[in-house]
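The values are calculated or read from the model by the stated rules, or taken from the named source; none is laboratory data. What you are looking at is a predicted structure, and each value in this text was computed from that prediction instead of being measured. Glycine also receives a Cβ, built like all others from the backbone with ideal geometry; neighbour counts cover every protein chain displayed. Accessible surface is based on the protein model in full, side chains and every heavy atom, while ligands, DNA and RNA are left aside. Shrake-Rupley method; radii C 1.70, N 1.55, O 1.52, S 1.80 Å.
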Amino acid sequence: MIDSRLRILQMVAEHGTVTAAAQVLHYTPSAVSYQLRQLSADVGVELVVQQGRGIRLTSAARTLLRHAERLRAQWEEARAELAALGTEPTGQITLCGFSTAASRLLPPAAAALRDAHPHLSVRIIEAEPDRCFDLLLSEEADLALLVVTADSPPMTDQRFDQRPLLDDPLDLVVQEGHPLVDQKRVTLADAALEPWILGNPGTTYHQLVLAACLSAGFTPDIAHYADEWDTGTALVAHGLGVILVPRLAQLRDDWPVARIPLQGEPAPARRIMAVTRLGARDIPVLRRAVETITDTAAGLLPRPRPRPTRRRGRKPRAAHQPCKNFARSAAYSFDCP
């Protein structure tokens, strides 16, 4: 309902160039330029001026953007109030999120919405956090799950409603038999001298691990780059380094690796946020999606106790002995055998 040209102006302001905005909006650069000229003519002021090979937004454009943000928030609030009147929701909503969210948290939410509202179409998009924000701004997504990084907009950004959803602890994964496996208390700093496996520079995973290591007081010695958990785990299994893995991430159980819950104050974790456009958080179907995601996450993140395994060269415990001296393994068990 809001003039689509305002959305185009917002994307140009967000990305700095007509070309970048056009790519996000799936328009041609010439179409974006034409829409900006038309908007400028309609409001009677100049919105963009040439600056070298690029463009610069005028003070009038900044003023218009402030009003556009208020209009969008009011529109989302109106949608929420109308949806709360009790009519059966129809149309489509889109949920987006990073890889772990898209595989473990969003599918149960999508299924719950589908079952509760048969006339509602639910779509899931897997995307990195920066693209999730673009999807929200361009109205291609309604709810995003994303990991907070140094590049995330501040909580005060008036375009979004950002709510902390959960803190996903980071576990250290080492080769089976590594000295840290038998250590009673392991902190991230205990792995400071290890060769490290990180995601490629620029990825969320790279930023996450680097920030965690710096907070623990060291810069990791990066030996290898791997963006997929399976790749990183394979490198660890062959003694080529260590990795940090979020507890929500599932690892194959056939690799000879140990997964160690880390301690410390604070223990490393990634914060997962639920984000909507400002004013949209109270739309009933989105509120139901967040509730389902929260319940799903609670079931996936119990307090871990590693599965006990017999260390090599030692006799097995008698069946009546209490559980103690746990060695850590890639798969968790939450009850004594």
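Label-to-label distance for residue 38 and residue 139 is 1.4 nm, based on points extended 7 Å past Cα in the beta-carbon direction.
Might you report the magnitude of the Cβ-based charge dipole of the stretch 69-156 about its Cα centre, with Lys and Arg at +1 and Asp and Glu at -1, to the nearest 20 debye? If you can, show how the numbers build up before the last one.
Details: 7 positive and 14 negative charges, 43 e Å.
That gives a dipole near 200 debye.
Just going by the charge dipole of the chain, with Lys and Arg at +1 and Asp and Glu at -1 on Cβ, which of 298, 12, 143 is farthest out on the positive end? The one lying farthest along the dipole's positive direction is 298. Note on log10 I(q)/I(0) by the Debye sum over Cα atoms at q = 0.07, 0.16 Å⁻¹: of the candidates [x] -0.27, -1.51; [y] -0.32, -1.43; [z] -0.39, -1.29, the value calculated from this structure sits at [z]. Only protein heavy atoms count here; under a 1.4 Å probe, residue 100 has an accessible surface of about 10 Å². Full extension of the chain between residue 31 and residue 56 yields a length gain of 7.2 nm, computed as 0.36 nm times the residue separation minus the alpha carbon distance.
If I stretch the segment between residue 87 and residue 130 completely, what's the gain in nm (0.36 nm per residue apart, minus their alpha carbon distance), one decimal?
On the way: separation 43, 0.36 × 43 = 15.48 nm, distance 3.38 nm.
Extra length available between residue 87 and residue 130 comes to 12.1 nm.
Cα centroids of the stretch 261-288 and the stretch 76-145: 15 Å apart.
Highest mobility in the GNM of the chain, judged by mean-square fluctuation with C-alpha springs under 10 Å and restricted to 54, 16, 97, is found for 54. Relative contact order of the chain, taken over Cα pairs closer than 8 Å and 6 or more residues apart, is 19 percent. With r as the distance between the Cβ atoms of residue 294 and residue 115 and R0 = 22 Å, compute the FRET efficiency 1/(1 + (r/R0)^6) and round to 0.05. About 0.80, to the nearest 0.05.
With R₀ fixed at 30 Å, the C-beta to C-beta distance from residue 167 to residue 63 puts the FRET efficiency at about 0.15. State which stretch of the chain is the longest one without any exposed GluC sites (Glu not before Pro), exposure meaning a DSSP loop state and at most 14 other Cβ atoms within 10 Å. The longest uninterrupted stretch comes out as 229-337. Only helices enter this figure: runs of n ≥ 4 DSSP H residues, each worth -39500 (n - 2.57), summed and divided by the residues of the chain, yield -11000 deg cm²/dmol at 222 nm to the nearest 500.
Mind giving me the FRET efficiency for residue 74 and residue 271? R0 is 35 Å, r the Cβ-Cβ distance, nearest 0.05 is fine. Between residue 74 and residue 271 the formula returns 0.75. Under a no-solvent Debye model with one identical scatterer per Cα of the stretch 118-164, what's log10 I(q)/I(0) at q = 0.13, 0.21 Å⁻¹? The calculated log intensity ratios at q = 0.13, 0.21 Å⁻¹ are -0.32, -0.75.
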